[in-house]
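Please treat every number below as a calculation from the coordinates, not as lab data. Just so you know, these numbers come straight off a predicted model, no measurement behind them. Glycine also receives a Cβ, built like all others from the backbone with ideal geometry; neighbour counts cover every protein chain displayed.
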């Protein structure tokens with residue numbers, strides 16, 4: 001439910017996992033908070049950037065964490 005802390009929990013976990021030698025890429029709709037060192041991609045259906053197309057692209061970038 002809204003306001004239950006889902007986003008806060010996920011962003012906190014990402015911040016803890018965020019290390020210089022770890023390639024973290026997210027696909028979000030929308031990006032709610034920018035985190036330095038993490039590649040965050042925002043879904044844009046008008047530009048044909050869906051979750052599926054973003055995931056296909058991300059898998060070519062050798063991510064450690066998606």
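Worth pointing out:
- Test: residue in the range 19-40 that is part of a helix (DSSP H, G or I), over 14 Å from residue 66 (Cβ atoms) and either free of Cβ contacts under 8 Å to residues at least 12 places away in the same chain or out of contact with any helix residue (DSSP H, G or I) (no Cβ under 8 Å at 6 or more places or on another chain) (or both): no
- Counting residues in the range 45-53 that are surrounded by 14 or more Cβ atoms within 10 Å (Cβ to Cβ), free of Cβ contacts under 8 Å to residues at least 24 places away in the same chain and assigned to a strand (DSSP E or B) gives one or more.
- Search result, residues across the range 1-39 that are within 19 Å of residue 60 (Cα to Cα), out of contact with any strand residue (DSSP E or B) (no Cβ under 7 Å at 6 or more places or on another chain) and surrounded by 12 or more Cβ atoms within 10 Å (Cβ to Cβ): 23, 37
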